[in-house]
Each structure stands twice: as C-alpha cells, then as structure tokens.
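A.B. asks: Right, I'll just put the structure down here and ask away after.
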Amino acid sequence: MIGENPLEEVRRKREKGKKKNPRRIPLSEDEITKFLNAIRDNIHCPKAARPQHSYYYPFLLFIFTTGVRNEEAIGLRVGCVDLGKGHIEISEVMARTIKGSNSSARVRKETKTGNIRYLPLTDELRELLRGQIEGKEPDDLVFPSPRGLSINDQMLERRILKPVME
C-alpha cells in the first residue's frame with residue numbers, strides 16, 4: 001500500500017559503547033608512578049631544555065590524580081580552588097579552536113557536559129595546589145605555561161610526554 005519506505009533516510013541507531021582503539025592501552029599504577037617520577041626528576045630531559053620537564057610535574061600529577069580532562073586542568077583558575085572547603089570547582093575549560101591549541105587560539109567555555117563538578121581535595125592535592133596558587137589573583141591560571149600563558153598540550157605531548165613514554 002505504501003510506495004516508498006518513509007524511514008529510508010533515517011539513520012540507524014548507534015551501537016552502545018564506543019569502538020575501542022586496540023592500540024590504546026591504559027597505564028598501570030606502576031607505569032604512572034614511573035612516568036611521573038621521570039618527569040619530576042628530569043630523567044629524560046635534555047640538559048639544555050627550557051623549561052625542564054619537572055616544571056610540568058604539578059600539572060601532570062593533578063591530571064593523573066583527579067582524572068580531569070586536559071582542557072579543564074589548563075583552564076583551571078585560582079578562584080576555583082577552595083583550600084578552606086577542601087574542593088575544586090570544575091566549571092569551565094580553555095578549549096582549542098580551529099586555529100590551534102596555543103594560548104592565543106584557546107577560548108573559555110563551559111565544560112564538555114555543561115555541568116559544574118566539585119572535586120574533593122586529598123592532603124597531597126591540597127599541598128600541590130597550595131604551592132601553585134600562592135600569591136596569585138583569583139583569575140590567574142593555576143597551571144600556567146613558563147611564559148605565564150595557558151599550556152599548549154599538543155606541544156607538551158610532542159616535546160615531553162612522548163619522549164618520556166618511549
């Protein structure tokens with residue numbers, strides 16, 4: 001009775017769950033510890049490198065400890081860290097744009113899900129962040145680049161993370 005299929009142009013529902021990339025294998029706790037120690041101790045850092053790998057240790061420790069996305073850690077402002085109440089507010093990110101991931105190309109926007117999250121502070125995180133926010137204004141970045149701008153995570157990956165992982 002019906003000459004054409006009215007659902008012909010309707011896409012099929014996606015299968016539940018993302019396709020897993022077989023090349024992506026999560027790091028074990030031991031591997032994470034070795035990696036962070038290598039960064040902290042500048043084990044694979046060329047002597048002439050500026051900045052030294054250890055400059056990024058607080059940033060990387062924060063990401064591994066909390067599990068936040070790169071853009072959330074890069075855009076974290078001092079005013080979002082409340083040492084008194086013992087939590088961190090994750091409410092915005094410094095997102096990449098088509099122009100790139102350098103500080104002038106990034107824009108502030110809401111988180112991926114649009115939700116505000118509060119992460120509890122462990123004693124280790126409290127001490128780490130205390131050193132990062134001391135003497136800074138509420139709008140300053142908690143983890144600035146050596147030049148005081150936002151961290152370029154693509155350059156960090158290319159120049160530091162991959163060489164250390166290899």
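A.B. asks: How long is the gain from K136 to N42 if the chain were fully straight, where each residue apart is worth 0.36 nm and the alpha carbon distance is subtracted?
C.D. replies: Full extension from K136 to N42 adds 31.2 nm.
A.B. asks: While we're looking at this one, here's another question. Measuring with a 1.4 Å probe in the full set of protein chains, what accessible area per residue, in whole Å², belongs to the chain?
C.D. replies: Per residue, the chain has 74 Å² of solvent-accessible surface.
A.B. asks: Further question: Over every pair of different alpha-carbon atoms in region 66-156, take the mean of 1/r and invert it; report that Kirkwood radius in Å.
C.D. replies: When all Cα pairs of region 66-156 are included, the Kirkwood radius is 13.5 Å.
A.B. asks: At 1.4 Å probe size, with the rest of the protein present, what percent of the exposed accessible area of the chain is carbon and sulfur atoms?
C.D. replies: Roughly 49 percent of what the probe reaches on the chain is carbon or sulfur.
A.B. asks: Report the FRET efficiency, 1/(1 + (r/R0)^6), for K109 and K34, where r is their Cβ-Cβ distance and R0 is 25 Å, rounded to 0.05.
C.D. replies: Between K109 and K34 the formula returns 0.10.
A.B. asks: I've got another one for you. Which order do peptides 146-159, 21-34, 108-121, 88-101 fall in by mean Cβ count within 10 Å, highest first?
C.D. replies: 88-101, 146-159, 108-121, 21-34
A.B. asks: Based on the Kirkwood radius over alpha-carbon pairs, what is the Stokes-Einstein translational diffusion coefficient of the chain at 4 °C with 1.567 mPa s viscosity, in µm²/s?
C.D. replies: For the chosen part, D equals 71 µm²/s.
A.B. asks: If R0 is 45 Å, what FRET efficiency do you get for E166 and L7 from their C-beta distance, rounded to 0.05?
C.D. replies: Numbers: r = 50 Å, r/R0 = 1.12.
Efficiency at R0 = 45 Å is approximately 0.35.
A.B. asks: Right, something else. Which pairs, out of K47/K162; K34/K136; K136/K162; K34/K109; K13/K99, put more than 27 Å between their alpha-carbon atoms?
C.D. replies: K34/K136; K136/K162; K34/K109; K13/K99
A.B. asks: With r as the distance between the Cβ atoms of R69 and Y118 and R0 = 22 Å, compute the FRET efficiency 1/(1 + (r/R0)^6) and round to 0.05. Let's see the in-between values first.
C.D. replies: Details: r = 16 Å, r/R0 = 0.71.
About 0.90, to the nearest 0.05.
A.B. asks: Next question, about the same structure. If a paramagnetic tag sat 7 Å from the Cα of L149 along the Cα-Cβ line, which residues of region 31-70 would have the backbone N under 14 Å from that point?
C.D. replies: Once the point is set 7 Å along Cα→Cβ of L149, nothing inside region 31-70 turns out to lie under 14 Å by backbone N.
The values are calculated or read from the model by the stated rules, or taken from the named source; none is laboratory data. These figures come from a predicted structure and were not determined experimentally. So basically every Cβ, Gly included, is an ideal-geometry build from the backbone, and we count neighbours across all protein chains shown. Areas reflect the complete protein model, heavy atoms only, side chains present, ligands, DNA and RNA absent. Shrake-Rupley method; radii C 1.70, N 1.55, O 1.52, S 1.80 Å.
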